[in-house]
Amino acid sequence: MATRLKEVDAVLVGVGLVGTMLGRELTKAGLKVVGLERGNAQFTVPDFQGPHMHDELRYSVRKAFMQDNTKEAMTFRNNVNQVALPIRRWESFLPGTGLGGAAVHWNGQTYRFQDDEFKIRSHTEQRYGKGFIDPELTVQDWGVTAADLEPYYDRFEYLLGTSGQAGNVKGQKIAGGNPFEDPRSRPYPTPPMKEPYGAAIFRKAAASLGYHPFPQPSSNLSQPYTNPEGLTLQACMFCGYCERYGCEHYAKSSPQTILLPVLLKDKNFTLRTQSQVLRINLAQDKKTATGVTYVDAAGHEFEQPAKLVILCSFALNNVRMMLLSGIGQPYDPKTGQGVVGRNYAYQTMSAVQVFFDESVNINPFMRSGANGTLIADFVGDNFDHGPHKFIGGAYFGELMTNGRPIEFHPTPPGTPAWGARWKEAVVRHYNHTSVLNVHGSSMASRNNYLDLDPTYKDAWDQPLLRITFDFPANDLRMSAYVTDKALAVGKAMGGRQVVGAGRKGPYTVTQYQTTHNTGGTVMGLDRKTSVVNRYLQSWDVPNLFVIGASNFPQNATYNPTDTVGALAYMAAEAIVNRYLKAPGQALVQA
Amino acid sequence: MEKLTRRTFFKAAGATAAALTAKAHALTPDDARHGHGAAPAATGASAQAAYLYFRPDEARFVEAAVARLIPLDANGPGALEAGVPNYIDRQLGGAWGAGERLYRSGPWQPGLPGQGYQLPFTPAELFRNALRAINDDVQKRRNTTFDKLPGNEQDAYLESLQTGNQSLNGVPAHTFFESLLALTIEGFFADPIYGGNKDMASWKMIGFPGAYASFYHLVDQHGVLFTRAPMSMGEDNRRMIHIQPVAAQPKAVGPNPVVADKKKGGK
C-alpha cells in the first residue's frame, strides 16, 4: 500500500539537466518542489575525482553511469513485422541515470538548431515544392522559430558558460565563427577552446576546399567562468575523459557545476534520490494530474500529491511514463492516428578515418568532449537540395574526444581482427589517425515509433518501452552524400589512406552511434499531431508539462542539448509568468 | 580432460568463486604456488596468478588462445605476458561474469543480428559451456588439447570459431569467439588494476598516458611527441595532480528523506 505524502506545489519526475533547471525556476517563484530521481546522488567531489574516474573499463565499456537495464531495459525491432526483443546491454545509445542525469556524462557539444530546421515542412515546400518531401516522412514544423528561442538559448548558454566563436551577432557576420548561424544577441560567454592538432589540419583542408570551418562550441570551458547563479567553473584540462565520465575539474557544465549547489540550498526544494516513479496519477476526469506514485530504494511505495507535475526524464523515459500513465492517445502506425510515441527519431551518424604518416603525432588522448573544428556547409538547408532526393543534412569535422585504447585503436581496412598483423597495425596507427564525425539529421517517418512492449517487463512488473526504428531512405541518401564530402576533406588533410562510408541500414542496437533519441511527446500547434503545445504543456492534462528531446518533432542536424535547455527555460517562463496566474488552464486553446 | 555430467556442470555454474578458487588451487600446483595477490612473473603461461574462475583445462585453453589473439612480438608483450588470462578470469568470476548489467528476463528468442545478444547465458555460463565443447571437440579430432597444437593450427582453429556457427553446448561459435576477443582486448588495454595490462605494457607500446589527465599546456603544441611514462589508477595517489582546490561540497542528500517527510505528518 502506498503511503500518501503531503501535497506539494510541484513534483519533478527526474532530476537531470531539465529537472534541475525547472526546480530552480519554480522554487525561485516560491513553489514548494519535490524532485524525484531514480538514481543516486552524486557530486564532483568525491564521486567524479581522478584517478578512479579515469577508468575506461568501468565507465566506457561497462557503462557505470547508465540506466541499470537489469531493472529497466527497452525492446527493439526494425519494423512492425519483427518481434521486438530486449536490448540486453546498452550499445547504440546510453540512457543515463542518477542526479544530474545524462548531463553528467555528456561531451558538452552545444549547438543551436537552425531556423530552417524548426520550419522544415513549410520551408522545404516553399523552396522546393509540395511534392519534394518523401511521403514516408511525417516531418512537421515545431511551432517555434530560432528567433523565438534565441533569448532562451542565450540564457542557457550563459548558464553553461559555453566556449565558442560567434559567427553572427545581431545580424553582423563575424569571421572565424559559423557563417550559417542565425543571429545571436551576444557572443558566447567564453572564447573558443584551444584547437588540437587534428582539428587544425582539418581546418586548413576544409578552408582550402572553400568551406567555412569554425571551432566546435563547447561546454567544457576554455577558461574559468562564473555563471549568473554565482557558480564558478574552471578551465578544461583536455584529459580525454568526458563522454561517459563525470568531470573531476569543474570544467564541464553539468547540473553539479552550474545549478545544483544553489538549488539544493533552497528550503523550497526537496530532493529524493533512489526514487522510481511508476506513474503519474490522474483525477477521475483524466484531465488533471494529482501527483505521482513512486517506490523508494527499500521498496516502499509512496504517493506524492502535487498541483503541478513536470515530466523531465530522458526522452525515451518521458514517452514511456506517458504510456504507463495512460495520458494521451498512443500512436498507431497502421492508421497514423494517435500521438504518444509518434515521430521517434534518432541521428544519422557516419565517420571518416584519416590514416597519417608516422611522423604526424595526433595525440588523440589530449582532447576534450567538444574541442574540434567543423563545417556547417551541409547542415540543414545550407546547400541546394534541388538536385538531391533528400531533405536534411550533416555537419562534419575533426571532433575527436579521446584516445582511450579499449575502444579506440584504429586499423586500416584489410587488417585482420586479431593476431600479429592486427597488433602491428594498432601500434603503427594509434597515434597517427584522425577521425572525422559526420553528424546527420534524422527525419520522422510513419513507421518509426515508440509504444509499450506486450511481453517484456521491468523490475516493477511494468511493460518495457518498445522501439520500432529503421533509417528512412531519405536519411541514408543524405548520409551517403555528405560522407562523400567528408571523404574529400579527409583526403585534403594529407592522410596516406582515407576511408569511410555513409550510414547503412538496417539500424542496429549493437553499435554505439549516439544518445540523441528524440520525439514521442512531440510539441506542436495542432493537438492531432502533437502531445504538448508550444509551451510543452500536455494538451490532455494541463497541469502536466513534458520537457526534453522527446519534444522534437524530428531530429535536426546538430546535437540536442542546447535546444533542450532552451525549451526548458521557455517552458519555465511560461509556467511562472502565465500558468501560475491561472493554474490548471491550457496556455493554448486547442 | 575432465568429464562433466550435466549435474556437476550446473553445480559448478552456480558455485561460488571461493569454491572454484579452492578447486583451482588444488588442481594446479603452478597456480597454487603463486597464490592470491602475488604479481604474476612475466615468464609465460606457467607463471599466471591464481585463478578464481577457470578450471585447469579452461585456463590452458585461454592462455594459449589469447597468446594467438595478441601475440608477443618485437613491439612488446602479448596478451599472455600482460596477464590477460587473469583479467578474463576475474571478470568471469565476478559480478560481470554473473550477469551484471545484462537484462536476463525471457522469453528467449534468437532475434536478428541488429537486436544484439539474446542468449540466456551469463558471460560465465557462456564461457563454461563453450570451453567444455571446445575441449571435447579438440580431444575428439586431434586426441589432444588446444594448447598442445602448433601455433598455425591454433590459429586455424580460432578462425573456425570466428567464422563458424556451430553450437558449443548452445553457444554459437562466433559468439564465443567475439566474447573471447572482446575480453582479450579489454584486458590488454584496461588499467592494470583489473589484472591485465601488466606494467602498463600496452599503454607504453602505443603511447597512451593512462590515468594521467592534464594536457592543457600541450594540446596546442601540435605534433609534440609525448614521452612521459603512463600512470595507472593503482599508482600512489600522492602523484595525483589536483588542478584546483577542492570546492565546498553541496548540502549532503540524506539517504532517506522520505522518512523525514512522513514524520512531518505526511501520513
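All of the numbers you see were taken from the coordinates with simple rules; none came from a lab. This one's a predicted model, so the numbers in the text were calculated from it and none came from an experiment. FYI the Cβ positions are ideal-geometry reconstructions off the backbone, even for glycines, and counts take in every protein chain you see.
May I ask you to derive the FRET efficiency for B:Thr145 and A:Ala64 from their Cβ-Cβ distance with R0 = 60 Å, giving the value to the nearest 0.05?
My answer for the efficiency is 0.95.
Whose amide H sits under 5 Å from the amide H of A:Thr75, counting only residues 5 or more places off or on another chain, with H placed in the peptide plane?
The answer is A:Ile87, A:Leu465, A:Arg466, A:Ile467.
For n ≥ 4 DSSP H runs only, could you compute -39500 (n - 2.57) per run for the protein assembly as shown, divide by its residues and tell me the 222 nm figure to the nearest 500? Show your work: numbers first, answer last.
Values: 22 runs with 233 residues, N = 857.
Result for the protein assembly as shown: -8000 deg cm²/dmol, rounded to the nearest 500.
Name the residues of segment B:173-207 whose amide N is less than 17 Å from a point 7 angstrom out from the Cα of A:Arg89 along the C-beta direction?
Flagged as within label range: B:173-191.
Collect residues whose amide H, placed 1.01 Å from N in the peptide plane, falls under 5 Å from the amide H of A:Arg496; neighbours closer than 5 in sequence don't count.
The list, which skips near neighbours in sequence, is A:Phe355, A:Phe356, A:Asp357.
For segment A:544-590 and segment A:381-416, write down the distance between their C-alpha centroids in whole Å.
With segment A:544-590 and segment A:381-416 each reduced to a Cα centre, they are spaced 31 Å.
Please give the FRET efficiency for A:Ala582 paired with A:Asn79, using the beta carbon to beta carbon distance and R0 = 45 Å, rounded to the nearest 0.05.
0.50
Residues of segment A:397-425 with the amide nitrogen closer than 18 Å to a label point 7 Å from the Cα of B:Asp73, along Cα-to-Cβ, please.
Hits in segment A:397-425 for B:Asp73 at 18 Å: A:409-425.
With a Förster radius of 25 Å, plug the Cβ-Cβ distance of A:Lys528 and A:Lys287 into 1/(1 + (r/R0)^6) and report the FRET value to the nearest 0.05.
0.90
Take the cross-link list A:Lys204/A:Lys389; A:Lys63/A:Lys252; A:Lys6/A:Lys307 and give me the ones stretching past 22 Å between alpha-carbons.
Distance filter (> 22 Å) returns A:Lys204/A:Lys389.
If you take each beta carbon of peptide A:193-199 and count the beta carbons of other chains within 10 angstrom, what is the mean?
Mean shielding count: 4.
What's the angle, to the nearest 10 degrees (0 to 90), between helix A:315-325's Cα axis and the longest principal axis of chain A?
20
If you line up the long axis of helix A:420-429 against the longest principal axis of chain A, both from Cα atoms, how many degrees apart are they, to the nearest 10?
Compared with the principal axis, the helix lies near 90 degrees.
Quick one: compute the contact order of chain A, relative version, from alpha carbon pairs under 8 angstrom and 6+ residues apart, as a percent.
22
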